[in-house]
1. Name the aspartates and glutamates eligible as straight-distance cross-link partners of LYS236: C-alpha to C-alpha under 19 Å, and not fewer than 8 places from it in the same chain.
2. Over region 92-192, one equal point on each Cα, no solvent: what is log10 I(q)/I(0) by the Debye formula at q = 0.13, 0.17, 0.19, 0.20 Å⁻¹?
3. How about region 153-242: which GluC sites (Glu not before Pro) there are in a DSSP loop, with at most 14 other Cβ atoms within 10 Å of their Cβ?
4. Please figure out what share of the DSSP beta bridges in region 144-265 is antiparallel and state it in percent, rounded to the nearest 5.
5. Return the sequence-ordered ³J(HN,Hα) values of region 254-265 in whole Hz as given by the Karplus equation 6.51 cos²θ - 1.76 cosθ + 1.60 applied to θ = phi - 60°, using x for Gly and Pro.
6. With only Lys, Arg, Asp and Glu charged, each at its Cβ (+1 for the first two, -1 for the last two), find how big the charge dipole of region 27-85 is about the Cα centre; round to the nearest 20 debye.
7. First select every other residue whose beta carbon is under 11 angstrom from the beta carbon of LEU261; then total the charges, Lys and Arg +1, Asp and Glu -1.
8. Measure nothing but the geometry: give the 0 to 90° angle between the long axis through the Cα atoms of 234-243 and the longest principal axis through the Cα atoms of the chain, rounded to 10°.
Amino acid sequence: MTTSSRLPSVRPTTRRQRIERDNSLKNRDDLFLDEKSPEKFEFNSKVAEVFDDMLKRSVPLYRECQDLTVEWCKRLAKPDSCIYDLGCSTGSLLSPLARSIPDLPGLRLIGIDNSPAMLGKAHEKLGSFANSVSLVEADLNDSFSFNPACAIVMNYTLQFIAPEGRKSLLEQIYQSLIPDGGLILNEKVLSEDERLRETFVEMHHDFKQGHGYSQMEISKKRDALENILIPWKLSKTKALIHEAGFTTVDVFFKWNNFAGLVALK
């Protein structure tokens, strides 16, 4: 007797699944796929549309870093103070922060970014928490007045600040923190060793190719970011944080040429 092989039944795609699939394709980062790729990287509306996908596919262990940052903020949270997210972009940190931060009297969440398009995305992402988070359009390259803060976060932001303005910004941050307050800083960094630096860059390119970027896209984006994203050696950034007044600085995360630092006042 012969038996006919039966194909496994396939459930029909639901409308919600189709919408989610279409949105994921719509928000996929393909900015550097063709000849019309931007010559210089800008945080404009086109970038805002695909920024979340760009980070997930470009920054190793991005989600884990976000989770660690949220945990640090929860530990540093104090009543009658602020938690700042400097360079908050689309609110990918503010959103989980708003959902998990302790409900302390007078504790405020404030996101700052110089891109209206990014802030618009952040407002959408915050949803029902939008009224409990202040979003401020401001350029961190300019002087900015902070309220007393228990925690100030810079996720992949300091690397976009003009090198000559980084010390003054870190000094402002230090002065704004309350006693035992903390700076949480995630950055792309340069290796202290020239040979390792080359290997780290190659491994980062492998990571991005493994997440769907072509060599052409990687090359074009690198050219677009030249003199805009300026990473430093970890030792140089730590030294500048000390110069700004912080006495306690340590690394809480490291992946080749990416690092997370915490500095306490």
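1. GLU164, GLU171, GLU187, GLU192, ASP193, GLU194, GLU198, ASP250
2. -0.51, -0.88, -1.09, -1.19
3. GLU192, GLU226
4. So the antiparallel bridges amount to about 65 percent of the total.
5. For region 254-265, the Karplus-derived couplings read 8, 9, 6, 9, 10, 8, x, 10, 10, 10, 10, 8 Hz, x marking Gly and Pro.
6. In debye, rounded to 20, region 27-85 gives about 280.
7. 0
8. 30 degrees
The numbers here are math on the coordinates, done by the rules we state, and not lab data. Quantities reported herein were computed from a predicted structural model and do not represent experimental measurements. Ideal geometry is used to build each Cβ from the backbone, glycine not excepted, and the neighbour counts take in all protein chains shown.
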